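Written out below as C-alpha cells is the structure these notes cover.
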Amino acid sequence: MIIGRVAELAEKHGITMTEVSLAWLLTKVTSPVVGATKLHHTEGAAKIVFFS
C-alpha cells in the first residue's frame with residue numbers, strides 16, 4: 001500500500017510521513033500550497049526541499 005511505502009521512506013530518511021508527501025508533491029507541481037499554522041509545519045516544509 002502507498003501508506004506503508006510512505007512510512008518506510010519516512011523512517012529510512014528520518015523525516016515525517018507529511019514531509020515525504022510534500023517532497024513527492026514538489027516533484028509534481030512547482031509550489032504546493034502549505035497551510036502552516038505552527039512553526040514545526042514550516043520547518044518540515046523547509047526540510048523537504050533538501051529531501052526532494
Once phi for every residue in the stretch 2-18 is put through the Karplus expression 6.51 cos²θ - 1.76 cosθ + 1.60 (θ = phi - 60°), the whole-Hz ³J(HN,Hα) values, with Gly and Pro written as x, are 5, 4, x, 5, 4, 4, 4, 5, 4, 5, 4, 9, x, 10, 7, 5, 4
Please compute the modelled spin-label separation between Trp24 and Ile3, points set 7 Å along Cα→Cβ, answer in nm with one decimal.
1.3
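Each value in this text was obtained by applying a stated rule to the coordinates, not by laboratory testing. Bear in mind that the values here come from a model prediction, so they are computed numbers and not experimental data. Cβ: placed from backbone, ideal geometry, glycine included. Neighbour counts: every protein chain shown.
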